[in-house]
1. Whether any residue in region 182-193 is closer than 23 Å to Asp311 by Cβ and small (Gly, Ala, Ser) is what I want to check.
2. Where the second residue is acidic (Asp, Glu) and at pLDDT 85 or above and the first is more than 28 Å from Gly170 (Cβ to Cβ) and lies in region 50-65, which pairs have Cβ atoms under 6 Å and are six or more apart or on separate chains?
3. Quick check on Val126: is it within 24 Å of Val220 (Cα to Cα) and outside the structural domain of Met279 (by TED's automatic domain parsing)?
4. When you scan region 218-254, how many residues do you find that are crowded, with 21+ Cβ neighbours inside 10 Å, in contact with a Leu (Cβ under 6 Å, 6 or more places away or on another chain) and not small (Gly, Ala, Ser)?
5. Give the residues of region 243-253 that are modelled with pLDDT under 95 and either under 21 Å from Arg231 (Cβ atoms) or not in a strand (DSSP E or B) (or both), sorted by residue number.
6. Do you know which of the residues in region 204-226 that are under 15 Å from Val273 (Cβ atoms) and assigned to a loop (DSSP other than H, G, I, E, B) is farthest from the chain's Cα centre (by Cα)?
Amino acid sequence: MFANTTNKFRSHKYFCALVLLCGCALCFADRIVLKEGQIITGKILVEKQTQLYVDIGISVLTIPKDKILEYKYGETIDTEDSDANDTDAGAAPRPVEKASDRLYKTASLKKTTIEKSVDTVSEAVVKISSPGGSGSGLFINEDGFLITNYHVIEKETRIEVTVFRKTRNGFETKKFKKVKIEAINTFVDLALLKVEDLGDTKVPFVYLGDIDNIKTGEEVFAIGNPLGLERTVTNGVISTKNRAFEGLLYIQTNADINPGNSGGPLFNLAGEVIGVTNMGYIFAGGLGFAIPVNYVKHFIENRDAFTYDKDNPNSGYKYIQPDRRRNKARPDFLWKKD
């Protein structure tokens, strides 16, 4: 009887421990993706120059940074919205993603510091080059789709994308030259591109935020390549979220925006894209402007209406005008009298 009771007690104890660990797993907010594909969900306790210390509930792991593909702080986990395929044993919880059937993704992310946010999102920001100049862009999914300004690629078809990847000693660059123009909107100054020669390269992407969730005075930061200075980070606040200019609304910020920043992302402290930078005044510091992210979403969702046509590169679909009248003589019916 005593042995049986002991076994029941042990079973009950292990069951409670399992429930406790599962409950903790749902509360963990930080997510680490290893280069070999494994995903670790836990609480990042300490971040050193070469390693992370992660509390996974039953132990604290020491993970070398050179083994990490990416890691994110403060992701909100929602198991009710997870797909059935993600409920397999060992599957890690995911951030709450919406519009997963679209080209872009959204998530409920927790605000943190600029330093941590930059470390999380910087690899998703790229340099876009053409014979006419260069600018910035941002990957919106793992399939190589990215957003930039139309004026960055205006009248250009030979486009090159430079990706910056973290290494043990800093960053390394990788260039892709097979870049397709998917859609353009000249009025909002947006372009959708796709890198077609990724091969086995896995590209990190960013989540798109919501303009309704940002406030004037909120701290933001931009990443881009101003004047060719790659991976430059500037920070500031939202001066106003609805500055009118030529019939459109823009986010105004005092974060420095210079030539080369165009097409790059403006982030909030959660690492969500809230705008795409496209204007700044070189001789008037503190006057930068970004296209609100809701315009970006609308452009992506309706990309069929803005599909790029190489035979008519300045707009989407080409609407052919009717032929002009060849016989310019006055029609006979005008001469008839009752």
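The values are calculated or read from the model by the stated rules, or taken from the named source; none is laboratory data. Since the model is a prediction, treat every value here as computed from it, not as a measurement. Glycine also receives a Cβ, built like all others from the backbone with ideal geometry; neighbour counts cover every protein chain displayed.
1. Yes, some residue in region 182-193 is closer than 23 Å to Asp311 by Cβ and small (Gly, Ala, Ser).
2. Note: no pairs meet the criteria.
3. Yes; evaluated as a whole, the condition is true for this residue.
4. 1
5. Within region 243-253, Glu246, Gly247 qualify.
6. Only one residue tops the list, namely Glu218.
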